[in-house]
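S.K.: Have a look at this one before I ask anything.
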Amino acid sequence: MTDKPDLGALFGATPAETFLGIDKCTDLQRIEASSAFIGAPGATPYGSVGAYCRNAPDALRRATSALTANIDRHNFDLGGRIFPDGARRAVDCGDLPFDAKDFARNRQTISDAIRKIVRCGAVPILTGGDDSVPIPMLEALGVTGKRYMVLQIDAHIDWRQSHMGESFGLSSTMRRASEMPHIERIIQVGARGIGSAHSDDFEDAVAWGARFFTAHDIHRDGTAPVLELIPEGAEIVICTDVDALDPSIVPGVIGRTPGGLAYHHVLDLYKGAAACGRIAAMDFVEYVPEADIDGLGALTTAGLISAAMGLLARQDLASRAR
């Protein structure tokens, strides 16, 4: 026997076009859900590599295809079903269009979509795409009149002023966030190894007030020191670059670096953030299907997104009960 067995068929799974087989929603102004999964193939890619993560959203959907019949089973990451009784489920809003030449248009498309999702009362789960995708997402939140803190989980700090002549690229995400008046706090978790940042980029970030916890810090001390810095009741945006996770569980990234975070480090950060305040938006970026090994990175990332959907469903349920 040379073909891999279809384990999804063993559990009664059926082909699905959406993440986890959740309902599709094509009208962003009529979303009735706790969260909205939406793909962005790219925003402002560097010319040297192009939109190298453009196939990630569909790869993540495929990674959950074997679980479509199990969505109501007990999820041990959450201590219950992903969507408990009475909770509004997530929806899949498909992928946004991407223009390989008009980057300003890509950013506007993402911003417009995020604004529509937020106005409907759903939490956007923006799935990239490279790490330039969060910039327009963060910018879009300014229309709410609220102030936000960013919890960035990433192997790199992304504080370059510009790179390759581009100031809205993936190396500048947190620098651009720091310039937005509605972003009042940035906590960055998972840095390790050699990245694109210069020492003066790091010094600028520290001078602005960003707080850093390296991957080694987390392995040594756990996630509690991070969570202690999140104010009670904070509006939290969680930006996850999957290269923060160790390449042994997410090999599908552009630059593998040993010593990354474990799955439960990231899950504990999500749970802890949800306990401290309100998660207002999330993104998952930098997964490269073509660099993955046997779909392992997709499976890991999809597991975190599934758990995030469950946390957001519980958050929504509690909010509507008040």
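The values are calculated or read from the model by the stated rules, or taken from the named source; none is laboratory data. The structure displayed is predicted, hence computed values, not measured ones. No Cβ is skipped: glycine too gets one built from the backbone with ideal geometry, and neighbour counts run over all protein chains shown.
S.K.: Tell me which residues, restricted to the range 169-186, are surrounded by fewer than 22 Cβ atoms within 10 Å (Cβ to Cβ) and either outside any helix (DSSP H, G or I) or touching a residue at least 60 places away in the same chain (Cβ under 8 Å) (or both).
M.R.: Across the range 169-186, the qualifying residues are Glu179, Met180, Pro181, His182, Ile183, Glu184, Arg185.
S.K.: Can we say Arg89 is surrounded by fewer than 24 Cβ atoms within 10 Å (Cβ to Cβ), under 22 Å from Phe19 (Cβ atoms), of a type outside the set (Gly, Ala, Ser) and in contact with a Phe, Trp or Tyr (Cβ under 9 Å, 6 or more places away or on another chain)?
M.R.: Answer is yes for this residue.
S.K.: Follow-up question, since we're still on this one. Identify, by number, the condition in (1) assigned to a loop (DSSP other than H, G, I, E, B); (2) among the hydrophobic types (A, V, I, L, M, F, W, C); (3) surrounded by fewer than 23 Cβ atoms within 10 Å (Cβ to Cβ) that Ile157 doesn't meet.
M.R.: Unmet condition: (3).
S.K.: For the range 307-317, name all the residues that are out of contact with any helix residue (DSSP H, G or I) (no Cβ under 8 Å at 6 or more places or on another chain) and either at pLDDT below 95 or over 15 Å from Gly277 (Cα atoms) (or both).
M.R.: Gly310
S.K.: Right, here's the next one. Yes or no: the range 174-181 includes at least one residue that is among the small types (Gly, Ala, Ser), touching a Gly at 6+ places or on another chain (Cβ under 7 Å), closer than 29 Å to Tyr263 by Cβ and at pLDDT 95 or above.
M.R.: no
S.K.: Let me ask something additional. Going by the conditions given, is Thr109 modelled with pLDDT under 95 and β-branched (Val, Ile, Thr)?
M.R.: Working: modelled with pLDDT under 95: no; β-branched (Val, Ile, Thr): yes.
No; evaluated as a whole, the condition is false for this residue.
S.K.: Suppose the filter is out of contact with any strand residue (DSSP E or B) (no Cβ under 9 Å at 6 or more places or on another chain) and either of a type outside the set (Lys, Arg) or closer than 22 Å to Ser172 by Cα (or both); does Leu245 pass it?
M.R.: In short, no.
S.K.: If you go through the range 72-93 one residue at a time, do you hit one that is closer than 18 Å to Asp131 by Cβ, in contact with a Gly (Cβ under 7 Å, 6 or more places away or on another chain), at pLDDT 95 or above and not in a loop (DSSP other than H, G, I, E, B)? Even if it seems obvious, please write down each step before you answer.
M.R.: Within the range 72-93, the subset closer than 18 Å to Asp131 by Cβ is none.
No, that holds for no residue.
S.K.: In addition: For the range 125-153, how many residues are in a loop (DSSP other than H, G, I, E, B) and closer than 11 Å to Thr173 by Cα?
M.R.: 4
S.K.: Any residue at all in the range 31-45 that is surrounded by fewer than 17 Cβ atoms within 10 Å (Cβ to Cβ), in contact with a Lys or Arg (Cβ under 8 Å, 6 or more places away or on another chain) and assigned to a loop (DSSP other than H, G, I, E, B)?
M.R.: Within the range 31-45 (the criterion being surrounded by fewer than 17 Cβ atoms within 10 Å (Cβ to Cβ), in contact with a Lys or Arg (Cβ under 8 Å, 6 or more places away or on another chain) and assigned to a loop (DSSP other than H, G, I, E, B)), the answer is yes, since at least one residue qualifies.
S.K.: Here's another thing I want to ask about it. Of the numbered conditions (1) more than 23 Å from Ala43 (Cα to Cα); (2) surrounded by 17 or more Cβ atoms within 10 Å (Cβ to Cβ); (3) touching a Lys or Arg at 6+ places or on another chain (Cβ under 8 Å), Arg192 fails exactly one; give the number of that condition.
M.R.: Going through the list (1) more than 23 Å from Ala43 (Cα to Cα); (2) surrounded by 17 or more Cβ atoms within 10 Å (Cβ to Cβ); (3) touching a Lys or Arg at 6+ places or on another chain (Cβ under 8 Å), Arg192 breaks only (3).
S.K.: Then there is this: Looking only at the range 92-112, count how many residues are more than 19 Å from Pro45 (Cα to Cα) and crowded, with 21+ Cβ neighbours inside 10 Å.
M.R.: 2
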